[in-house]
Amino acid sequence: MGRSKQSKWKRYVPYFLVTTTYLYEFFLSHQAIVLYAQNGAPKFGKLKVMYHLVAFVMYNTNHFSILGQSNIICSLVQNILRIEGELRNTSASARKRVSYSLQTIAVMVNYFLVALFQTVTIQIGIMTRPESQMYLSSFYGKNPPLWIKIATCIFTYGAHGTHVLGLVFNILVVAIYVHVFNNTLLYLTIKNHSCIFHPGLGCHAREEAIRYYRRLSVLQAHFNATFGKWVLGAEITLMWVVVFNIFLAIVFGTVRGTVNGVIGTIIFLQFYKMMGQTYELSKGTLGSWRKVTYRVDSPWMKRSMRACKPLAVNVGSFCYADKSLMLTILAIISSASANLILTFRYD
């Protein structure tokens, strides 16, 4: 009986949180329609409600698109950890780059700080400005009862918490997967004619490396099929959030827009730099194999090395992540922010 009650509780809590998120989206839609129908409503209030509505819809749509694939996601992470563990245990020297570990930690810490900052400022905003159109307490005017403020805090915390947790889960899964995948590629890189499995094995080192590389190719194909659309959606959504926060920070001088714009840009670039390194490292791994020459190379070895192609993280069905993607993202953020600021008309 205890287990059945616990399983029911675990089953109903996610549905309750998702329902809370949808209810908050409907509420923001209603508030946006009401505000834009009023002629005397301030532009800042209209923009703020519209920003939260679009951000919630885009983030949640992107998150719920892969919500039912938890088994595949767990399998991806478990397999890449297994391969990385095998290589770490069998390699003569584990060549890890500390910068990749620090980069992964930086993405997680920065996102945690942004999520904590947003959650705290929203709760403070409900208690100090309950009449804001973003909160349910706005139906009761400037001085609602205390229980209305507390109920609004709980409701908004549930909706925003689900929104933040969905992002945390997906970003952590992708960051951990890409981090371990990049370290695995470093294990397969042959440097100075030394074998990664045992010194002096010669040609057999490349045979083992090719076998592991094929396993990585299959795993990366499944990852791209699962997360390819999510990576594209995350890129579009993060660009929207960063651009709009930069606009709010410069035009209206909001502290929250400044913090979200600066830290959001840092997270954005670090996150997609990690994914771009997968392509660069796989190219370096294949290049290290071709530079190492032996007296006897079997025909199987030559054909296998020609068949190995660089691996990359797909961004939807359009392109893959590489170094140039960061420059493209910066160009889009700069031009879009400048266009918004220059075309805005004050009241």
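Some observations on this one:
- Residue in the stretch 151-160 that is in contact (Cβ under 8 Å) with a residue 60 or more places away in the chain, within 17 Å of residue 122 (Cα to Cα) and surrounded by fewer than 17 Cβ atoms within 10 Å (Cβ to Cβ) present: no
- Counting only helices (runs of 4 or more DSSP H) that sit wholly inside the stretch 37-133, those with at least 1 residues that are touching a His at 6+ places or on another chain (Cβ under 9 Å), at pLDDT 75 or above and of a type in the set (Val, Ile, Thr) are 70-90, 98-128.
- Out of 292, 262, 296, sole residue that is in contact with a His (Cβ under 8 Å, 6 or more places away or on another chain) and at pLDDT below 85: 292
- Of all positions in the stretch 121-129, at least one carries a residue that is surrounded by 13 or more Cβ atoms within 10 Å (Cβ to Cβ), among the hydroxyl-bearing types (Ser, Thr, Tyr) and under 25 Å from residue 258 (Cα atoms).
- Residue that is nearest to residue 248 (Cα to Cα), among those in the stretch 316-347 that are charged (D, E, K, R) and part of a loop (DSSP other than H, G, I, E, B): 345
- Subset of the stretch 312-328 [in contact with a Phe, Trp or Tyr (Cβ under 7 Å, 6 or more places away or on another chain) and buried (at least 19 other Cβ atoms within 10 Å of the Cβ)]: 312, 313, 314, 320, 321, 322, 325
- Residues of the stretch 229-253 that turn out to be outside any helix (DSSP H, G or I) and among the small types (Gly, Ala, Ser), as a count: 1
- Per the listing 49, 57, the residue uniquely touching a residue at least 12 places away in the same chain (Cβ under 8 Å), more than 18 Å from the chain's Cα centre (by Cα), surrounded by 13 or more Cβ atoms within 10 Å (Cβ to Cβ) and under 18 Å from residue 240 (Cβ atoms) is 49.
- Condition met for residue 276 (surrounded by fewer than 16 Cβ atoms within 10 Å (Cβ to Cβ), assigned to a helix (DSSP H, G or I) and modelled with pLDDT of 80 or more): no
- Residue within the stretch 203-216 that is farther than 30 Å from residue 74 by Cα, assigned to a loop (DSSP other than H, G, I, E, B) and modelled with pLDDT under 80 present: no
- Taking residues in the stretch 174-190 that are in contact (Cβ under 8 Å) with a residue 60 or more places away in the chain and under 15 Å from residue 289 (Cα atoms), and partners anywhere that are of a type outside the set (A, V, I, L, M) and not in a helix (DSSP H, G or I), the pairs with Cβ atoms closer than 6 Å and at least 6 places apart or on different chains are 186/95; 187/91.
- Residue count, the stretch 300-311 (criterion: crowded, with 16+ Cβ neighbours inside 10 Å and either in a loop (DSSP other than H, G, I, E, B) or within 18 Å of the chain's Cα centre (by Cα) (or both)): 3
The values are calculated or read from the model by the stated rules, or taken from the named source; none is laboratory data. Every value quoted in this text rests on a predicted model; they were computed, and no experiment measured them. Backbone-built Cβ (ideal geometry, glycine too); neighbour counts: all protein chains shown.
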